[in-house]
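Presented below is the structure to which this report refers.
Every read-out reported here was derived from the displayed coordinates using simple, explicitly stated rules and does not represent laboratory data. Treat the numbers as computed from the prediction; the structure is a model and nothing was measured. Neighbour counts are summed over all protein chains in view; Cβ atoms, including those assigned to glycine, are modelled from backbone coordinates with ideal geometry.
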Amino acid sequence: MLLASSLSAGFSIENALATSVDELSLLYGNNGLMVKELSFMVQQIRTNRSIEQVLEDFSQRSGLEDVQNFTEVFSVAKRSSGDVGSIMRHTAEIIRDKMQVQEEIITMTASRQFEQKIMNLIPFFIVFYVENTSPGFFDQMYNTRMGRVLMAICLCVYLCSYLLAQKILAIEI
């Protein structure tokens, strides 16, 4: 968003990047991760590397899909002499919207994830409670062949339910 607003103010992309470093250092300090990364990018541009190369290196280092998409959109906009400012603003809005949706999903599923963790522990607490309050109650389950088969099946069902719960709660965008 800082880059887009600097471009809208008439800065070149190189100067907008340098201005963004100054703004981000005020917000996050000089040790902020993005401040360090953008400072490195500005240094690379000052050594006569093209902005496309610098952004491509950044996208490869980060490994983030959003950064790779942004780099591709920026490269196409720069080559086609498009309105880079509005394209960057639009791309930043899409990324911001995606981040908001992810945060909302995390917020909405947090209680369910906590409930699932509790539900995963309940069988162990039941076994612990019964074994301590009624010693020998599980002897039939663990000392006979049929009991061991039944408990192995129960363990498989438990593991399947655990994996299914993990898959249900893992929502990706």
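Computed values, structure above
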| read-out | value |
| --- | --- |
| Taking all pairs of distinct alpha-carbon atoms in the range 108-169, Kirkwood radius in angstrom | 13.2 Å |
| Rounded, prolate or oblate (a/c below 1.5 giving rounded, otherwise prolate when a/b exceeds b/c) for the range 2-82 by Cα gyration tensor | oblate |
| The range 48-89-the range 119-156 distance, computed between alpha-carbon centres (Å) | 58 Å |
| Computed helical MRE - 222 nm, the chain, DSSP H runs ≥ 4 contributing -39500 (n - 2.57), nearest 500 | -28000 deg cm²/dmol |
| Highest average packing first - 102-115, 62-75, Cβ atoms within 10 Å | 62-75, 102-115 |
| Size of the chain as Cα extents on the principal axes (Å, biggest first) | 80, 33, 29 |
| When the convex hull of its Cα atoms is projected in every direction, mean area for the range 67-118 (nm²) | 4.1 nm² |
| Packing-based ranking, highest mean first, of 37-47, 130-140 given that Cβ atoms within 10 Å are counted | 37-47, 130-140 |
| Column: log10 I(q)/I(0), Debye, Cα scatterers of the range 53-145, q = 0.10, 0.17 Å⁻¹ | -0.55, -0.86 |
